[in-house]
Amino acid sequence: MFACGAMRERAERLILRNPYSGEVVGSASMDRRDDVEEAIASVRAYDRRLSAAQRSRLLAAAAGGLLGRKEEFALSITRESGLCLKDSRNEVERAVENLRVAAEEAKRIHGEALQISAGDGNRMAATILEPVGVVCAITPFNRPLNQVVVKVAPAIAANDSIVVKPSEKTPLTALLFAQLLTDHGVPSDMIAVVTGDPREIGDVLLASPQVDMVTFTGSVETGEHVARTAGLKKLLLELGGNDPLIVLGDADLAVAAQIAARGALATTGQSCRGIKRILVAEEVADAFVPLLVEQVRRWRCGDPFDPEMDMGTLASEEAARAVEERCAQAVRDGAVLLCGGERKGAAMLPTALDHVPAGTELVVRETFGPVAPVIRVRDLEEAITVANGTAYGLQAGVITRSFDAFVRLARGLRVGAVNLMEGPGFDSPHIPFGGVKKSGIGREGMRYAIREMTTIKTVVMPW
Ligand code: NAD
């Protein structure tokens, strides 16, 4: 673990291998229950001594420090995750931007004044946003750095202290980042990182009475366990998705095909807000599909350390096998395979399918891999029904020239965000991000995450 500004290593190790080469790329401490309790106690001691201006300066300094070490962090991400260098470099840039925005938002945390008429007199209420206290952040493997940054940066901005439990598949970049923060002046009692087997240490974090809030990003199944175990704690849950891109009959099909391929294949398809279903109006589907295949075939998949590659591997061979099997099942259910559909080790080839039945597992569940499945729909109404027909509700993208159609979709889709002329994955640190239904509870996006990590205190006075 990393606590009190230093690494504390157990002899028992988590061994990390690069999913492409199988090579051992490092190891992390297999922390135990006692370590986790110690880590929580270390951040519980933080006394909220930093002013907003100081927190802002620390976050800005960390952004500068991270940018200066971009290549080192990008290599760390690629080493432990198998994501290609292009993705890893992008991820570091996004993390820098998130830290910069957090630095700005740290200075803008404020409540409001409410004039109240009560009985014969008037009173004034003022709301004050106080830090929640100790935040526990549990993060997934798919963005080993940025998933940590989007939780740690708002916590620091809000003046909370934080214990991070990164994915056991990708703990090394999280540890590197925590060290970077303390090197840039973040107090050593403000952040700790614990690593190890989630079955052993997860519940210690979740059930601890010393933890005030849990912010979790990961699968629906784990999210449900988190919610049950955390009990009466503040919760922010960013869970899975199977986001649709809806392509209507009036769409610019070349643009739609490009957006569809990028949304389905970026980060090797391992993005919660990646395109998992392409709902195409029947009248243009025959024209759209060849354009999509042309785009998908352009994506180069191979050695993640080769800077020319667009895609690396999935997190493991087992994950790639599961995606391959779901594609094969979709074909057995009536889909037509257009390209890809196979894996090499942990790498899944960029894949496109047409005539995918809306009920096959590939598109009903979240498929975390580089797959572009086309589902043909009759019209806008059927697009809404199919889009809303799964347990998830993260984001959606819409390609149409009709504002009227866009408004009908924006109103009818049960998701957290609808993007026009963009994929569902459109991202900015300034806007809220999060889902409905099983995709989660609460919102990230820097300003919104800071809000989640504060609590309202109201003071009322005669006026
Ligand atoms: P996962 O649910 O397997 O693991 C997520 C985290 O939970 C990891 O740190 C893991 O160690 C931890 N965990 C597992 N069991 C636990 C337990 N019993 N107690 C406490 N912690 C436990 O998810 P993953 O495979 O790492 O990530 C992929 C999933 O994350 C996908 O479903 C993806 O959609 C989702 N995701 C969502 C968002 C979002 O913002 N909505 C972003 C990225 C990823």
What single numbered condition from (1) open to solvent by 10 Å² or more (accessible area, probe 1.4 Å); (2) among the hydrophobic types (A, V, I, L, M, F, W, C); (3) under 27 Å from Gly269 (Cα atoms) fails to hold for Met124? (3)
Report whether or not Ala53 is free of Cβ contacts under 8 Å to residues at least 60 places away in the same chain and in contact with a Lys or Arg (Cβ under 6 Å, 6 or more places away or on another chain). no
Residues of the stretch 419-454 that turn out to be in a strand (DSSP E or B) and open to solvent by less than 40 Å² (accessible area, probe 1.4 Å), as a count: 5
I'm checking my understanding of the structure. Among residues of the stretch 132-149 that are more than 14 Å from Ser167 (Cβ to Cβ) and in contact with a strand residue (DSSP E or B) (Cβ under 6 Å, 6 or more places away or on another chain), which one is surrounded by the most Cβ atoms within 10 Å (Cβ to Cβ)? Cys136
Please work out if Arg300 is surrounded by 23 or more Cβ atoms within 10 Å (Cβ to Cβ) and not aliphatic (A, V, I, L, M). no
Failed item in (1) away from the ligand (no atom under 15 Å from the Cβ); (2) closer than 29 Å to Gln115 by Cα; (3) not polar (S, T, N, Q), with Glu422 passing the rest: (2)
Read through the list (1) open to solvent by 10 Å² or more (accessible area, probe 1.4 Å); (2) over 29 Å from Thr367 (Cα atoms); (3) assigned to a loop (DSSP other than H, G, I, E, B), then give the number of the only condition that Arg273 fails. (2)
First in the stretch 213-226 and in a helix (DSSP H, G or I), second anywhere and surrounded by fewer than 19 Cβ atoms within 10 Å (Cβ to Cβ), Cβ under 7 Å, 6 or more apart: none
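For every residue, the table says whether it meets (1) open to solvent by 10 Å² or more (accessible area, probe 1.4 Å); (2) more than 15 Å from the ligand (Cβ to nearest atom); (3) at pLDDT 95 or above.
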position: Glu318; (1), (2), (3): yes, no, yes
position: Ala322; (1), (2), (3): yes, no, yes
position: Ala328; (1), (2), (3): yes, yes, yes
position: Arg332; (1), (2), (3): yes, yes, yes
position: Leu338; (1), (2), (3): yes, yes, yes
position: Gly341; (1), (2), (3): yes, yes, yes
position: Thr351; (1), (2), (3): no, yes, yes
position: Ala358; (1), (2), (3): yes, yes, yes
position: Val364; (1), (2), (3): yes, no, yes
Flagged in the stretch 224-248 as β-branched (Val, Ile, Thr) and more than 16 Å from the ligand (Cβ to nearest atom), in numbering order, are Ile246, Val247
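The rows are residues; the columns are (1) away from the ligand (no atom under 16 Å from the Cβ); (2) more than 26 Å from Gly434 (Cβ to Cβ); (3) at pLDDT below 95.
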site: Thr182; (1), (2), (3): yes, yes, no
site: Arg199; (1), (2), (3): no, yes, no
site: Ser208; (1), (2), (3): no, no, no
site: Ala264; (1), (2), (3): no, no, no
site: Gln270; (1), (2), (3): no, no, no
site: Gly274; (1), (2), (3): no, no, no
Filter the stretch 137-162 down to the residues that are away from the ligand (no atom under 12 Å from the Cβ), of a type outside the set (Asp, Glu) and in contact (Cβ under 8 Å) with a residue 40 or more places away in the chain and list them by number. Leu145, Val149, Ala153, Pro154, Ala155, Ile156, Ala157, Ala158, Asn159, Ser161, Ile162
Identify, by number, the condition in (1) part of a loop (DSSP other than H, G, I, E, B); (2) buried (at least 20 other Cβ atoms within 10 Å of the Cβ) that His110 doesn't meet. (2)
Restricting to the stretch 343-397, give me the number of residues that are assigned to a loop (DSSP other than H, G, I, E, B), touching a strand residue (DSSP E or B) at 6+ places or on another chain (Cβ under 6 Å) and among the charged types (D, E, K, R). 0
Out of Ala251, Ala260, which single residue is more than 16 Å from the ligand (Cβ to nearest atom), aliphatic (A, V, I, L, M) and not in a loop (DSSP other than H, G, I, E, B)? Ala260
Please enumerate the residues belonging to the stretch 177-198 that are crowded, with 20+ Cβ neighbours inside 10 Å and assigned to a helix (DSSP H, G or I). Phe177, Ala178, Leu181
The residue that is surrounded by the fewest Cβ atoms within 10 Å (Cβ to Cβ), considering only those in the stretch 1-49 that are under 21 Å from Val211 (Cα atoms) and touching a Pro at 6+ places or on another chain (Cβ under 7 Å), is Arg48
Glu221, sole failed condition from (1) within 21 Å of Ile375 (Cβ to Cβ); (2) within 9 Å of the ligand (Cβ to nearest atom); (3) open to solvent by 50 Å² or more (accessible area, probe 1.4 Å): (1)
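The values are calculated or read from the model by the stated rules, or taken from the named source; none is laboratory data. Here the structure is a predicted model, which means the values were calculated and not measured. In this analysis, Cβ positions are derived from the backbone assuming ideal geometry, glycine residues included, and neighbour counts consider all displayed protein chains. Note: areas computed on protein heavy atoms with side chains; ligands, DNA, RNA excluded. Shrake-Rupley method; radii C 1.70, N 1.55, O 1.52, S 1.80 Å.
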